[in-house]
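Chemist: Just passing along the structure, written as structure tokens.
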Amino acid sequence: MRTLKIAVDARTLGSKPSGVGMYLNDFLEQLITYDEFEWVLFTDVKKSEYIKRFEARGIKVISWDKPVYKSAGVYAYFNFIKKELKEVKPDIFWEVNSVIPVNLGGDFKTLITIHDMFPIQYVKYFGKVYSMYFKINLMKTLKHTDMILYNSEQTRDDTERYFPEAAKIPSCNAYIISNPLTRYVPPKDENYFLYVGNMEKRKGVDILIKAYRKYRDNGGTRPLILAGKMQEDDVEQLLESALTEVEGLTYLGYVSHTTRYDLYNNCSCFVFPSMAEGFGMPILEVMKHNKPILASNLRIFDEVVGDCVERFSLAGDDDDKVTSLAKGMKNIDDKINSGLVDVKAYKSALDKYTPERLGGMVREFINNEMNNR
């Protein structure tokens, strides 16, 4: 079998990777073990421990050396990639973040990962400008796309509903990889609720902060630790007020992988109040530590983990959601010592997301599609 050179837009891995960046990291960790693939990574900057680790292992990393945000810089960055691709001459270009806003041209095949349709479905979280940017540029991207990876069946269904032409493009449902723990430390309960993730309204952080205030007003005493990159000014203002007014609340900011591991391992319960998810990786991360989880009742969690975690309702307006989550947290207090975790169910769910299984699926998909062409 001949070697396939795959160039990847790894910008989401360049600085402080969160969901999409870690999706790419975990797939690359498995895919680079297959001899038939040669890898080249593009990035805006190479600051993170993850991108530096790939470079140290001999993976070529081509950096623009300028941080890119949601602005005109995105177009300049992709023009940089377009120029570099003429030199790299890959067989495949992989855009992990769905949208390619310029026509890259070239003789290579294009592979994209689609994580969700949220900019179209939840304009209030993304704004009208970005929603329009996403819709127009994904439409353009699909015209030049040869292969699609989806992170869930829900995402595939949503994509084909908004873009029926996507159904004609070969695709594979490549769920997010959940790596086994690299070190085992017996879990402890240090008596706190925990949220780790981006600090934004789409993740339900505003609902959580308000619900925690209500939980304390109703007699709850368990502390809440929040950790993650602050994304929105109004969430930051809400948090700052709560930190001075509500006892037991702590915000750690963005935390390292090691710190996140320890937070998971020592919490009483992980709270995941997301309003919209394409997958929900933190739930699987916490399940590896056999910790209770209180999550919103999104449909995607039925697909990903079934019914083995506690849920609260998203029905009604924001006040209803706040009340439901506050009651859910109080209910956890009442049930925490009665065995909330079904360890066998957790293991069964996690077994679907091993690197070998999912990496092997993507490997077979890519090889089959390239051989067929």
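Chemist: Among the residues of segment 347-356, is any surrounded by fewer than 21 Cβ atoms within 10 Å (Cβ to Cβ) and either in contact with a His (Cβ under 9 Å, 6 or more places away or on another chain) or among the hydrophobic types (A, V, I, L, M, F, W, C) (or both)?
Modeler: yes
Chemist: If I filter segment 64-92 down to residues being within 19 Å of Ile32 (Cβ to Cβ) and open to solvent by less than 20 Å² (accessible area, probe 1.4 Å), which single residue comes out as nearest to the chain's Cα centre (by Cα)?
Modeler: Checking each candidate, the answer is Ile92.
Chemist: Of everything in segment 45-54, what is open to solvent by 10 Å² or more (accessible area, probe 1.4 Å) and closer than 20 Å to Glu95 by Cβ? Give them in sequence order.
Modeler: Scanning segment 45-54 gives Val45, Lys46, Tyr50.
Chemist: Does any residue of segment 335-343 turn out to be in a helix (DSSP H, G or I) and modelled with pLDDT under 90?
Modeler: yes
Chemist: Is it fair to say Ile120 is exposed (fewer than 15 other Cβ atoms within 10 Å of the Cβ), part of a helix (DSSP H, G or I) and β-branched (Val, Ile, Thr)?
Modeler: Details: exposed (fewer than 15 other Cβ atoms within 10 Å of the Cβ): no; part of a helix (DSSP H, G or I): yes; β-branched (Val, Ile, Thr): yes.
Considered against the rule, which asks whether it is exposed (fewer than 15 other Cβ atoms within 10 Å of the Cβ), part of a helix (DSSP H, G or I) and β-branched (Val, Ile, Thr), Ile120 comes out as no.
Chemist: Further question on the same structure: Any chance you could count how many residues in segment 303-332 are outside any helix (DSSP H, G or I) and basic (Lys, Arg)?
Modeler: Number of matching residues: 1.
Chemist: Of everything in segment 225-261, what is open to solvent by less than 10 Å² (accessible area, probe 1.4 Å) and part of a helix (DSSP H, G or I)? Give them in sequence order.
Modeler: Val235, Leu239, Ala242
Chemist: Test Thr145 against the stated conditions and say whether it is among the polar types (S, T, N, Q), open to solvent by less than 40 Å² (accessible area, probe 1.4 Å) and touching a Leu at 6+ places or on another chain (Cβ under 9 Å).
Modeler: Judged against the criteria, Thr145 is a match.
Chemist: So, in segment 190-204, exactly how many residues are open to solvent by 10 Å² or more (accessible area, probe 1.4 Å), touching a helix residue (DSSP H, G or I) at 6+ places or on another chain (Cβ under 7 Å) and of a type outside the set (A, V, I, L, M)?
Modeler: Summing the residues that are open to solvent by 10 Å² or more (accessible area, probe 1.4 Å), touching a helix residue (DSSP H, G or I) at 6+ places or on another chain (Cβ under 7 Å) and of a type outside the set (A, V, I, L, M) in segment 190-204 gives 5.
Chemist: For Ala345, are the conditions met, namely being in contact with a Phe, Trp or Tyr (Cβ under 9 Å, 6 or more places away or on another chain), more than 15 Å from Ser268 (Cα to Cα) and not hydroxyl-bearing (Ser, Thr, Tyr)?
Modeler: No, not satisfied.
Chemist: Go through (1) closer than 29 Å to Tyr50 by Cβ; (2) out of contact with any Gly (no Cβ under 8 Å at 6 or more places or on another chain); (3) surrounded by 22 or more Cβ atoms within 10 Å (Cβ to Cβ) and name the single condition Tyr215 misses.
Modeler: Of everything listed in (1) closer than 29 Å to Tyr50 by Cβ; (2) out of contact with any Gly (no Cβ under 8 Å at 6 or more places or on another chain); (3) surrounded by 22 or more Cβ atoms within 10 Å (Cβ to Cβ), Tyr215 misses just condition (1).
Chemist: Confirm whether Phe37 is surrounded by 17 or more Cβ atoms within 10 Å (Cβ to Cβ), closer than 15 Å to Glu55 by Cβ and at pLDDT 95 or above.
Modeler: Taking the combined requirement at face value, the residue does not satisfy it.
Chemist: Kindly list the number of the only condition in (1) surrounded by 19 or more Cβ atoms within 10 Å (Cβ to Cβ); (2) in contact (Cβ under 8 Å) with a residue 60 or more places away in the chain; (3) under 21 Å from the mean Cα position of the chain (by Cα) that fails for Tyr150.
Modeler: (2)
Chemist: Pick out the one residue from Ile177, Ile207 that is open to solvent by less than 10 Å² (accessible area, probe 1.4 Å), in a loop (DSSP other than H, G, I, E, B) and touching a residue at least 60 places away in the same chain (Cβ under 8 Å).
Modeler: Exactly one residue qualifies, and that residue is Ile177.
Chemist: Might you check whether a residue that is of a type outside the set (D, E, K, R), closer than 17 Å to Asp26 by Cα and under 17 Å from the mean Cα position of the chain (by Cα) occurs anywhere in segment 294-309? If you could, list the steps in order and put the result at the bottom.
Modeler: Initial filter on segment 294-309 (of a type outside the set (D, E, K, R)): 294-298, 300-301, 304-306, 308-309.
If we keep only those that are closer than 17 Å to Asp26 by Cα as well, we get none.
Looking for residues that are of a type outside the set (D, E, K, R), closer than 17 Å to Asp26 by Cα and under 17 Å from the mean Cα position of the chain (by Cα), one finds none in segment 294-309, hence no.
Chemist: Restricting attention to segment 1-34, report how many residues are β-branched (Val, Ile, Thr), farther than 17 Å from His257 by Cα and at pLDDT below 95.
Modeler: So the answer is 1.
Chemist: Given (1) under 16 Å from Val286 (Cβ atoms); (2) open to solvent by less than 30 Å² (accessible area, probe 1.4 Å); (3) charged (D, E, K, R), where does Arg222 come up short, assuming only one miss?
Modeler: Among (1) under 16 Å from Val286 (Cβ atoms); (2) open to solvent by less than 30 Å² (accessible area, probe 1.4 Å); (3) charged (D, E, K, R), Arg222 violates only (1).
Chemist: Cβ contacts < 6 Å: first residue of a type in the set (A, V, I, L, M), restricted to segment 242-266; second residue at pLDDT 95 or above and open to solvent by 60 Å² or more (accessible area, probe 1.4 Å), any location; separation 6+ or different chain. Result?
Modeler: Val246/Arg213; Leu249/Leu243
Chemist: Applying the selection to segment 88-119, what residues are more than 27 Å from Gln154 (Cα to Cα) and touching a helix residue (DSSP H, G or I) at 6+ places or on another chain (Cβ under 9 Å)? Please lay out each step first, then the result.
Modeler: Initial filter on segment 88-119 (more than 27 Å from Gln154 (Cα to Cα)): 88-91, 102-108.
Answer for segment 88-119, where residues must be more than 27 Å from Gln154 (Cα to Cα) and touching a helix residue (DSSP H, G or I) at 6+ places or on another chain (Cβ under 9 Å): Asp91, Val102, Asn103, Leu104, Gly105, Gly106, Phe108.
Chemist: Just to confirm my filter: which helices (runs of 4 or more DSSP H) fall fully inside segment 1-105 and include at least 1 residues that are without any contact (Cβ under 8 Å) to a residue 40 or more places away in the chain and farther than 24 Å from His115 by Cα?
Modeler: Per the criteria, 49-56, 72-88.
Chemist: For segment 344-370, which residues satisfy the criterion of being under 30 Å from Asp35 (Cα atoms) and either aromatic (Phe, Trp, Tyr) or modelled with pLDDT under 90 (or both)?
Modeler: Tyr353, Phe365 - these are the residues of segment 344-370 that are under 30 Å from Asp35 (Cα atoms) and either aromatic (Phe, Trp, Tyr) or modelled with pLDDT under 90 (or both).
The values are calculated or read from the model by the stated rules, or taken from the named source; none is laboratory data. Keep in mind that what you see is a predicted model, and the values were worked out from it rather than measured. All Cβ positions, glycine included, derive from the backbone under ideal geometry; neighbour counts span all protein chains shown. The protein model used for the area step is the full one, side chains on, heavy atoms only, and it has no ligands, DNA or RNA in it. Shrake-Rupley method; radii C 1.70, N 1.55, O 1.52, S 1.80 Å.
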